[in-house]
1. Within the stretch A:56-71, is even one residue of a type in the set (A, V, I, L, M, F, W, C) and part of a helix (DSSP H, G or I)?
2. From (1) in a loop (DSSP other than H, G, I, E, B); (2) in contact with a strand residue (DSSP E or B) (Cβ under 7 Å, 6 or more places away or on another chain); (3) surrounded by 13 or more Cβ atoms within 10 Å (Cβ to Cβ), pick out the condition that doesn't hold for A:Gly148.
3. On the given criteria, is A:Ile249 more than 19 Å from the chain's Cα centre (by Cα) and crowded, with 23+ Cβ neighbours inside 10 Å?
4. Does the stretch A:178-199 include one or more residues that are more than 15 Å from ligand 2 (Cβ to nearest atom) and in contact with a Ser or Thr (Cβ under 8 Å, 6 or more places away or on another chain)?
5. Say we look at the stretch A:208-224 and pick out the residues that are in contact (Cβ under 8 Å) with a residue 40 or more places away in the chain and open to solvent by 10 Å² or more (accessible area, probe 1.4 Å); which of these is nearest to ligand 1 (Cβ to nearest atom)?
6. Of all residues being over 17 Å from A:Cys172 (Cα atoms) and either part of a strand (DSSP E or B) or open to solvent by 50 Å² or more (accessible area, probe 1.4 Å) (or both) in the stretch B:14-31, which is nearest to the other protein chains (Cβ to nearest Cβ)? Just the residue, please.
7. Give the stretch A:232-246 a look and list any residue that's in contact with a Lys or Arg (Cβ under 9 Å, 6 or more places away or on another chain), open to solvent by 10 Å² or more (accessible area, probe 1.4 Å) and within 14 Å of ligand 1 (Cβ to nearest atom), or say none.
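The values are calculated or read from the model by the stated rules, or taken from the named source; none is laboratory data. Everything quoted here is computed from the prediction, not taken from an experiment. Note that we place each Cβ from the backbone using ideal geometry, even for glycine, and neighbour counts take in every protein chain shown. Keep in mind that these areas ignore ligands, DNA and RNA; they rest on the heavy atoms of the full protein, side chains included. Shrake-Rupley method; radii C 1.70, N 1.55, O 1.52, S 1.80 Å.
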Amino acid sequence: MAQKEIQIKEVLSDEIVKKVKFKVKKFDPEKDDKPYYAEYDVPVWRGMTVLDGLLYVKEDLDGTVNFRYSCRMGICGSCGMFINGKPRMACMTQILELGTDVIEIAPLPNLDNIRDLVPDSTPFFEKHRKVKPYLIRQDVKEQENPIGEYYQTPEEHEYYSQFSFCIKCSLCYAACPTAASDPEYLGPQALAQAYRYSVDTRDEGFEERVMVVDDPHGCWRCHYAGACSEVCPKGVDPAKAIQLLKGLILKYRLGLKKKRKGAGVIPAHPRPGVKKAPKRTVVQED
Amino acid sequence: MAKKARPNRIGVKGWWTGGKYGVEKKAYFLHRLTGLIIVFYLIAHIIHQGPWIAWWELIVVLAFIYHAMNGIRLIITELGFGVGRPTLPSFPYVPESLVKTRPLFWILMAFSAIYIVLAIVGFAKGG
Ligand code: SF4
Ligand code: SF4
Ligand code: FES
């Protein structure tokens, strides 16, 4: 049997291979006192994601269904939903991979529900902002008027690159049992970002961030349930970052953490011995 | 009139419900539960000095064994030991921090099981 040929044909075909039932949790704050489930029959083709299914429902069956999405490719972080018992990205979840005939979709928990499948992410973003997720430099004047880039070796980049893939989708926040019972808890995403910036060799803001995260509602509230890492769609592994952060803070509190200056500025181009780049040939128009 | 959003935080229930997760989440719930049992026992013990119902003491001992064993794992891992270094994830990504620390969990649970059996045997003999 020509196995390969069949595979290519199967992947490219838009033939309906299955029918599934979408159970969508609906809630309109202007009309409803309580959320309820609405059911829709959705034909499925190979490669169809839960987001595709919801778009089919909205276009062909019920225009009132509300959900949030933008990029359709796992980059923007807007389409997080509680799908079949887990927080998942609707655009990254293949219907056929779920393997069920009924797909239950609810808004992400631990955040207020604005309407249907849409959570209010404001508190989540506020927590992210709280940990100062940017490079902090003591020489603010230089930072505001940069004369060049900061040094960083590929090895130093690896200290944090895994954690920089975060798309702020809040799946981890929805999965975390600590966030479920403590509204003040900073949450896996923000804590992971506190670590990500603190170990960046270009940063000088560790002490400022310690003031935020070394707190009863900060990193010590995490008890390593690991649910955050299980659901993260970008392989960020926030649980790893949080435990490393705790270790770093302990080291710092014991006076064992070496003080370091942020990486220096790469001298302005051209460097000695390097030929100057030719003049730009394409001029940008306004 | 436009109404406000619907609160959707799971609450304390989220310690054991809220989705299908791995063994660490269950360990988390048991750790909190056994912690509460121990605290409750200590408070009750201070208030009530007389003799105790024996099976209740057994429960506290079992809770203590689990709490201590899992606590060893938490002390080690929560200080960042054994959770792995930051890496470039390849997909499908299996969380390294969980995979790497899981053997430690099962070893400690094996110890828990041994202690629990010993405690129950001792209890049955009327210790
Ligand atoms: S590891 Fe920590 S942050 Fe992640 S889900 Fe568990 S308690 Fe929450
Ligand atoms: S850490 Fe992962 S799950 Fe959490 S917000 Fe970032 S990308 Fe989403
Ligand atoms: S729509 Fe952008 S991540 Fe899913």
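1. Of all residues in the stretch A:56-71, those of a type in the set (A, V, I, L, M, F, W, C) come to A:57, A:61, A:65, A:67, A:71.
Now drop any that are not part of a helix (DSSP H, G or I), which leaves A:57, A:61.
Among the residues of the stretch A:56-71, at least one is of a type in the set (A, V, I, L, M, F, W, C) and part of a helix (DSSP H, G or I), which makes the answer yes.
2. Going through the list (1) in a loop (DSSP other than H, G, I, E, B); (2) in contact with a strand residue (DSSP E or B) (Cβ under 7 Å, 6 or more places away or on another chain); (3) surrounded by 13 or more Cβ atoms within 10 Å (Cβ to Cβ), A:Gly148 breaks only (3).
3. Details: more than 19 Å from the chain's Cα centre (by Cα): yes; crowded, with 23+ Cβ neighbours inside 10 Å: yes.
Answer is yes for this residue.
4. The answer is no; no qualifying residue exists.
5. Here is the first cut: in the stretch A:208-224, the residues in contact (Cβ under 8 Å) with a residue 40 or more places away in the chain are A:208-210, A:212-213, A:221-223.
Next, from what is left, pick out any that are open to solvent by 10 Å² or more (accessible area, probe 1.4 Å): A:208, A:212, A:221-223.
On the way: A:Glu208: 22, A:Val212: 16, A:Arg221: 7, A:Cys222: 3, A:His223: 5 Å.
Of everything passing the filter in the stretch A:208-224, A:Cys222 is nearest to ligand 1 (Cβ to nearest atom).
6. Going residue by residue through the stretch B:14-31, those that are over 17 Å from A:Cys172 (Cα atoms) are B:27, B:29-31.
Okay, now just the ones that are also either part of a strand (DSSP E or B) or open to solvent by 50 Å² or more (accessible area, probe 1.4 Å) (or both), so B:29-30.
Numbers: B:Phe29: 7, B:Leu30: 11 Å.
This residue is B:Phe29.
7. Residue satisfying the conditions is A:Leu244 alone.
So that you can scan it fast, the table gives a plain yes or no per residue for (1) at pLDDT below 95; (2) of a type in the set (Gly, Ala, Ser); (3) in the same structural domain as A:Tyr173 (by TED's automatic domain parsing); (4) in contact with a Phe, Trp or Tyr (Cβ under 8 Å, 6 or more places away or on another chain):
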| position | (1), (2), (3), (4) |
| --- | --- |
| A:Tyr185 | no, no, yes, no |
| A:Leu191 | no, no, yes, no |
| A:Ser198 | no, yes, yes, yes |
| A:Thr201 | no, no, yes, yes |
| A:Phe206 | no, no, yes, yes |
| A:Met211 | no, no, yes, no |
| A:Asp214 | no, no, yes, yes |
| A:Cys219 | no, no, yes, no |
| A:Gly226 | yes, yes, yes, yes |
